[in-house]
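The values are calculated or read from the model by the stated rules, or taken from the named source; none is laboratory data. This is a predicted model, so every value here is computed, not measured. FYI the Cβ positions are ideal-geometry reconstructions off the backbone, even for glycines, and counts take in every protein chain you see.
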């Protein structure tokens, strides 16, 4: 199972948002980091086939996804930043409808929904309209939705922004487990939050990849980039991230 | 009230920046071309009996503001729809709620900005009509009827529309109130006393014409009608400026009364609050203890499974209460006769209006289109599945289908198909549903009243 991006470029009104993106993603958790406006959401949109790249190629299991997006879409789950839920429907109704759009039968959904709601500790909200839930609970509903079809490719745009610390730990423990059989891509602003759980980090700077490797390599590579002026001991993760992001 | 102009101007700017503005402008320009027909045209837009005004300066300057009032009655409802909801969605309503200003002041800011917006649009329409039907560019001749008929009415209209939008959350009730408002201003008896829109004054100008019926007027196209043209020599002499200026203080009083009912500090009802059942201790102990074992899902992306998903969304797009009301009305339609039957069917259609908001346009208004776009189903399959809504329409008209004539039954279904395609196309291209709902209300009202759409005023 793999996703490959080769020389992917994306522009909006002559403004380059993504430039020469080359990535090869296999089973595991990938953290996409970057400052505001670095292109994280656009990159996730391109990988999830929501946005077509202007040039370059995107493939899933060696099949061109730009031409045949359905190949990837059948295995995909995507959680947008704004959660993407229908406010006038209840939690269960949202999970049922979007679950069916993901190709899951209503019977399987009925069996899976209580399980996933219980995991995120929101079983008591199942009959509540989404519009009446707090931001944190809405995010947990959106995460439940992302997992309800047992996806092979899971893309999550800032999935823990509204979660409390306990739910964050629970969530990352879960995606770590899911990544044994799936490709999980998570975007975040906070390196400390994801460093324990991701296998690889991709740092974006002005639409370009400035770093793509394991977390362990972040500090050594930053030191090597900065030259002899700093030592590994004097640099922490945050400073190293800043070096690649700014 | 010092800050009123500034806040109102900001709100006004938002109106102009809204996506609707360009569509409204297009609609206004199109109307500008057709409101006052050329004598060679095969249609008229205002008659009393079989008489209408001849094309001269007096007629154009008198008719235009009265027509603007009629058009803007609907346009204002469209523009003011969901002002509050939009603020809630943009998370700017919190500023409104926490403001130190009084309810009256806050509502007046909205009223004034909507009034300015409507007045500017109305003036654009006035100018378009003036240019298209060139008689004289003496603006003063057009300005007096505009100031007399249109400006006070637009202030009154803005007040009513803002109040309804901010005070009433229940959509169904909102539509009923709009309907009652339109009936109120155009009702024959009320018109004779108050003449809010100026139609009665315009009709009174036909007093020297011996028409069989002086109490009916028409907006729209009439083919093959033998119309006699009356040449008007004098501008409408305002009965009294007070007869229109009174709308300003009346509007202020209405907003003041409404401000007492306006509860901006509490939007979540107690019954809607989610019970807090989780405890801190439970949360802490639950870390790493909870496990999720998904059931291996068998993915199927065929048309039948998509139909099931769409049917699920369709059936949950209107509340249980509305579904029950629609069902009861629908059953009654089988036993009703004549006008009652027509009324009942129109009522069933109106109860089904939320389908537009939640089923057809929901993916755009709720930002959930991504789910459809990255779903494993093709776009064509989604279009096919939307035909479910058309099937609902067909089922609704079953009580009125003429089973003795296949042709008539097919004709009714064909008209519904057209209506459905219009809805689908509008929602897909404009990515909203408001105009569709207003058009559907007009069509259903027309159906209910038995008056063709072009004569509903």
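Could you give every pair whose Cβ atoms fall below 9 Å, whose first residue belongs to segment B:115-133 and is free of Cβ contacts under 8 Å to residues at least 40 places away in the same chain, and whose second residue is surrounded by fewer than 17 Cβ atoms within 10 Å (Cβ to Cβ), counting only separations of at least 6 or pairs across chains?
So the pair list comes out as B:120/B:16; B:127/B:139; B:131/B:137.
Looking only at segment B:330-381, which residues are farther than 24 Å from residue B:82 by Cα, within 14 Å of chain A (Cβ to nearest Cβ) and touching a helix residue (DSSP H, G or I) at 6+ places or on another chain (Cβ under 6 Å)?
Listed by number, the residues that qualify are B:371, B:372, B:374, B:375, B:376, B:377, B:381.
Any residue at all in segment B:80-103 that's buried (at least 23 other Cβ atoms within 10 Å of the Cβ), at pLDDT 80 or above and part of a helix (DSSP H, G or I)?
yes
Looking at segment B:387-398, is at least one residue within 14 Å of chain A (Cβ to nearest Cβ) and surrounded by 15 or more Cβ atoms within 10 Å (Cβ to Cβ)? Spell out the reasoning first.
First, the residues of segment B:387-398 that are within 14 Å of chain A (Cβ to nearest Cβ): B:388.
Filter once more, keeping what is surrounded by 15 or more Cβ atoms within 10 Å (Cβ to Cβ): B:388.
Among the residues of segment B:387-398, at least one is within 14 Å of chain A (Cβ to nearest Cβ) and surrounded by 15 or more Cβ atoms within 10 Å (Cβ to Cβ), which makes the answer yes.
Per-residue answers, yes or no, for (1) surrounded by fewer than 22 Cβ atoms within 10 Å (Cβ to Cβ); (2) modelled with pLDDT of 85 or more; (3) more than 10 Å from chain B (Cβ to nearest Cβ):
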position: A:130; (1), (2), (3): yes, yes, no
position: A:134; (1), (2), (3): yes, yes, no
position: A:142; (1), (2), (3): no, yes, yes
position: A:155; (1), (2), (3): no, yes, no
position: A:176; (1), (2), (3): yes, yes, yes
position: A:182; (1), (2), (3): yes, yes, yes
position: A:187; (1), (2), (3): no, yes, yes
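Across segment A:100-123, what is the total count of residues that are surrounded by fewer than 22 Cβ atoms within 10 Å (Cβ to Cβ), within 7 Å of chain B (Cβ to nearest Cβ) and under 25 Å from residue B:314 (Cα atoms)?
Of the residues in that region, 4 qualify.
Looking only at residues in segment A:26-49 that are touching a helix residue (DSSP H, G or I) at 6+ places or on another chain (Cβ under 8 Å) and away from chain B (no Cβ under 14 Å), which one is farthest from residue A:243 (Cα to Cα)?
Ranking the candidates gives A:29 first.
Going through segment A:50-86 one residue at a time, which ones are outside any strand (DSSP E or B), touching a strand residue (DSSP E or B) at 6+ places or on another chain (Cβ under 7 Å) and within 13 Å of chain B (Cβ to nearest Cβ)?
Going through segment A:50-86, the residues outside any strand (DSSP E or B) turn out to be A:50-54, A:61-62, A:65-75, A:80-86.
When the remaining residues are screened for being touching a strand residue (DSSP E or B) at 6+ places or on another chain (Cβ under 7 Å), the result is A:51, A:53-54, A:61, A:65-66, A:71-72, A:75, A:80-81.
Those that are outside any strand (DSSP E or B), touching a strand residue (DSSP E or B) at 6+ places or on another chain (Cβ under 7 Å) and within 13 Å of chain B (Cβ to nearest Cβ): A:51, A:65, A:71, A:72, A:75, A:80, A:81.
Let me spell it out: the conditions are (1) assigned by TED's automatic domain parsing to the domain that holds residue A:160; (2) assigned to a helix (DSSP H, G or I); (3) farther than 19 Å from residue A:153 by Cα, and residue A:41 meets all of them except one. Which number is the exception?
(3)
Output the helices (runs of 4 or more DSSP H) that fall wholly within segment A:138-246 and possess 2 or more residues being without any contact (Cβ under 8 Å) to a residue 40 or more places away in the chain, or say none.
Of the helices (runs of 4 or more DSSP H) lying wholly inside segment A:138-246, those with at least 2 residues that are without any contact (Cβ under 8 Å) to a residue 40 or more places away in the chain span A:165-178, A:218-226, A:237-245.
Among the listed residues B:109, B:117, B:142, identify the single one that is closer than 26 Å to residue B:440 by Cβ and either under 18 Å from the mean Cα position of the chain (by Cα) or assigned to a helix (DSSP H, G or I) (or both).
On the way: B:109 fails: closer than 26 Å to residue B:440 by Cβ; B:142 fails: closer than 26 Å to residue B:440 by Cβ.
On inspection, the qualifying residue turns out to be B:117.
Which of (1) within 22 Å of the chain's Cα centre (by Cα); (2) modelled with pLDDT of 90 or more; (3) closer than 22 Å to residue B:358 by Cα does residue A:93 not meet, given it meets every other one?
Evaluating residue A:93 over (1) within 22 Å of the chain's Cα centre (by Cα); (2) modelled with pLDDT of 90 or more; (3) closer than 22 Å to residue B:358 by Cα leaves (1) as the failure.
Taking segment B:105-120 as the search range and keeping residues that are more than 14 Å from residue B:161 (Cα to Cα) and modelled with pLDDT under 90, which one is surrounded by the most Cβ atoms within 10 Å (Cβ to Cβ)?
Applying the filter and picking the extreme gives B:106.
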